[in-house]
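Down below is the structure, laid out as structure tokens.
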Amino acid sequence: MMLQKRDYKFWFCPGSVDLYGDEEIRIVTEHSRKIVDEMNQSGLVPYEIVLKPTLLTNENIRKTFNAANEDENCAGVIAWMHMFSPAKSWMLGLKDLRKPLLHLHTQFNEEIPYDTLDMGFININQSAHGDREFAYMLARMKKEHKIVVGHWKSERVQKKIGDWMITAIGLVESNHLRVARFADNMLNVADTEGDKVEAQLKFGWEVDTYTIVDAAEAVNAVSQSDINILTDEYYDKYGILLEGRDPQEFRRHVEEQARIEIGFERFLEEKKYQAVVTHFGQLGGLKQLPGLAMQRLMGKGYGFAAEGDWKTAAMLRIVKLMTVGVKDAKGTSFMEDYTYNLVPGKEGVLETHMLEICPSIAEGDINIRVNPLGLGNREDPARLVFTAKEGDAIASSLIDMGDHFRLVINDITCKKTERPMPNLPVATAFWTPKPDFLTGVEAWLMTGGAHHTVMTYDLTAEQLGDWGDAMGIEVVYIDENTTIRQLKKELKG
């Protein structure tokens, strides 16, 4: 199930009023068409914007928004009040609207036409009036929405609209997300737990639990011919680090991961799941802990997390969907905090997991290693090993605070470790949190951020935070402006 950019579209809905005549409405429509055409040609918006007829009445506003709800390819609505548009006309439509909403506060002309300005021009070009009326109704209704302010031709405005489109994709796709859990959470671990009923109400996620027997049956049903084909693909695509092991014995371990990948993917496809969770303590009839197999599934776009952590698996899938088609994408992965480097000036967090880090974040060679793993009490699992790319990224954690969900988002800088780690047979990332190591770590602990995270180079904190805001959950940012004193006040508020 390779991720593919879906044919989503965004509806551009200009508002006006039938107060000045047909010619004025024609001008509004023509201005709107020019805005839409130029933004579509700008290269800054990742999805097509579709112009809808200028909305004038309660009836056509409501019909348009209900049509948006029913159109599977409509991922959101962009509203702009070119002329004065009485906000009461929008109430029922806004009440019905279930798609993401962006309020574009702009006007067609960039500069006041000082020499020719008259009342006719002002009557038509009064977004400063109409958008305030519209914004009041949004505020009065407590309708979740994004606001973008500025002239529509500016690169900043068009980029902000493009960024919001990516967030909107995450909102729409969240309603279709299904997570398959094989076994429960790791015993006595707290931060991977959560209320699955509330998550379905809040995010739309369906989280189902299966026994590992169900997975093992699917894995054991895979034919040797299919295993051979996929194993050959592995050997063609990745480097092979035998490290003194017998080549035939090594390949047998790799073949077992191919069996697991095919079996799990067929199970997920048949039952229509897009994310999966495993647990090293409950492996049943599996001969190895899924390692290379889960890395490959993440690379194809599936959500994944370990030890029963369904929240992180779901978030990984959402972020992967949001970043499909992002230009110059650097990758997204499940991640876990392991150990620190505390040398002054070289501080950072070594991030990895027992096996399962997504190869989308890899820089340089990706190799297959087969090494012992004490946890799970199974044969030595094959895994992909590599180091992560350098650059700015975000790490996020969705946690259940008992009475609400909290999304913690930390700006981070990924970098190379000072020296190689030849005895560590797993993929790794090394990062320093912002605003600095000590403040960033203290802030993360203060928020209750979990030890599992979703790390991505390809979203901004604002984009993911807008997703959280639209979902109606608490969003906490840890960034270059964070201070412990201010964060304490924020969390108490």
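Read-outs throughout are calculated quantities, based only on the coordinates presented, and are distinct from any laboratory measurement. Everything numeric in this text was worked out from a predicted model, so none of it was measured. Glycine also receives a Cβ, built like all others from the backbone with ideal geometry; neighbour counts cover every protein chain displayed.
Odds and ends about this structure:
- Net lengthening on full extension, Asn228/Ala135 (0.36 nm per residue, minus Cα-Cα): 27.4 nm
- The modelled label-to-label distance for the pair Arg26/Arg98, using points 7 Å beyond Cα in the direction of Cβ, is 4.0 nm.
- Between Gln200 and Asp118, the FRET efficiency estimated from the beta carbon spacing at R0 = 51 angstrom works out to 0.35.
- Nearby lysines by direct alpha-carbon distance to Lys5 (threshold 21 angstrom, same-chain neighbours under 8 apart not counted): Lys99, Lys159, Lys160, Lys272, Lys300, Lys320, Lys327, Lys330
- Calculated FRET value between Asp436 and Asp18, using beta carbons and R₀ = 51 Å, to 0.05: 0.30
- Per-peptide average of other Cβ atoms within 10 Å, ordering 454-465, 41-52 highest first: 454-465, 41-52
- If you model segment 202-290 as an ellipsoid using its alpha carbon gyration tensor, with each semi-axis the square root of five times an eigenvalue, the axes come out at 27, 14, 13 Å, biggest first.
- Where labels lie 7 Å past Cα in the beta-carbon direction, separation of Glu38 and Glu110 in nm: 0.8 nm
- Sorted from greatest to least, the principal axis extents spanned by the alpha carbons of segment 9-174 come out as 51, 34, 25 Å.
- Of interest is the spacing of the C-alpha centroids, which for segment 62-83 and segment 111-141 amounts to 22 Å.
- Environment charge of His451, counting only residues whose C-beta is closer than 9 Å and scoring Lys/Arg +1, Asp/Glu -1: -3
- Calculated FRET efficiency for the pair Glu418/Ala221, C-beta based, R₀ 30 Å, to 0.05: 0.05
- Ellipticity at 222 nm from helices only: DSSP H runs of n ≥ 4 in the chain, each -39500 (n - 2.57), divided by the residue count, give -12000 deg cm²/dmol.
- Net charge of Cβ neighbours under 14 Å - reference Asn423; Lys, Arg +1; Asp, Glu -1: +1
- The mean sequence distance of close C-alpha pairs (under 8 Å, at least 6 residues apart), as a share of the length of the chain, puts its relative contact order at 13 percent.
- Pairwise Cα separations in segment 431-493 fall into 5 Å bins from 0 onward with the following percentages, short to long: 4, 15, 25, 29, 21, 6, 0.
- With the highest mean first, a sort of the peptides 286-298, 470-482, 6-18 on other beta-carbon atoms found within 10 angstrom per residue produces 286-298, 6-18, 470-482.
- Taking a straight Cα-Cα cut-off under 13 Å and skipping sequence neighbours fewer than 8 places away in the same chain, the aspartates and glutamates within cross-link reach of Lys271 are Glu206, Asp208, Asp214.
- Expressed as a fraction of 2.2 N^0.38 Å, the C-alpha radius of gyration for the chain is 1.10.
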